[in-house]
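Laboratory data are not the source of any read-out in this text; all were calculated from the coordinates shown. Everything quoted here is computed from the prediction, not taken from an experiment.
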Amino acid sequence: AQTVTQSQPEMSVQEAETVTLSCTYDTSESNYYLFWYKQPPSRQMILVIRQEAYKQQNATENRFSVNFQKAAKSFSLKISDSQLGDTAMYFCAFMRANTGTASKLTFGTGTRLQVTL
Amino acid sequence: KAGVTQTPRYLIKTRGQQVTLSCSPISGHRSVSWYQQTPGQGLQFLFEYFSETQRNKGNFPGRFSGRQFSNSRSEMNVSTLELGDSALYLCASSPGTGNNNSPLHFGNGTRLTVT
């Protein structure tokens, strides 16, 4: 079974600053996907960024980037130039690859990020 | 393209009753999965349906069931409601074909309160 751990329940960052959210996971799988999802007060889970385990290059999406350390089983999210709209719960999630089913995500407990003026 | 639509957004039920939640996936998506979100247990996978068949199931009691229709819309049913079933129920859709590289697209959820 897979586990995902987010050790920071809450974080705060000032607008325009950079913040890093931590995530570690445990698995015996060699091929898998990792995700960061954002859940604002509207409750909808929004995909922020995705990393494929077999790719060594860290994924980047505009102001969002990850630091993927496969050997350490670490997958942190860096948000640059933080904006008020980034205020949300952030969930790290794991999905096994090549199972024929696309949908079983294992989530961490989340980090509540507050962006302040 | 319209997103994943869940109805109703809010629901209040009494212990012992049953409830049905609905989810309409993104057009063309054939996989629908359900997740329960509570403060205590976090986000937990309930089940996944693909082409009207349950393809994967989480560790929930038999009171939780679901089905999928030929148009890929899905319903989730909880019978004999308990206070602990109070949660946000999230539905997610994906193309669901053999390539599981596609990310899940989530709806806004149904907030169920059991009194």
List the aspartates and glutamates whose alpha-carbon lies under 14 Å from that of B:Lys57, not counting same-chain residues fewer than 8 positions away? B:Glu48
Under 22 Å Cα-Cα from A:Lys78, which lysines qualify once same-chain neighbours fewer than 8 residues away are excluded? A:Lys38, A:Lys55, A:Lys70
Taking the Cα centroid of the stretch B:1-36 and of the stretch A:9-50, what is the distance between the two, rounded to the nearest whole Å? 24
What is the set of long-range amide H partners of A:Glu17 at a cut-off below 5 Å, with H atoms built 1.01 Å from backbone N? A:Ser82
Note, the stretch B:23-33: 3J(HN,Hα) by Karplus (6.51, -1.76, 1.60, θ = phi - 60°), whole Hz, Gly/Pro = x, goes 9, 10, x, 4, 3, x, 7, 10, 9, 10, 10
Taking amide H atoms as placed 1.01 Å from N in the peptide plane, list the residues 5 or more away in sequence, or in a different chain, whose amide H sits under 5 Å from that of B:His29. none
Across all Cα atoms of the stretch A:15-104, Rg and the largest Cα-Cα distance (Dmax), in Å, are 13.4, 42
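Restricting to Cα pairs below 8 Å that are 6+ residues apart, what does the relative contact order work out to for chain A? Please round to a whole percent.
Details: 283 pairs, mean separation 44.0, N = 117.
Relative contact order comes out at 38 percent.
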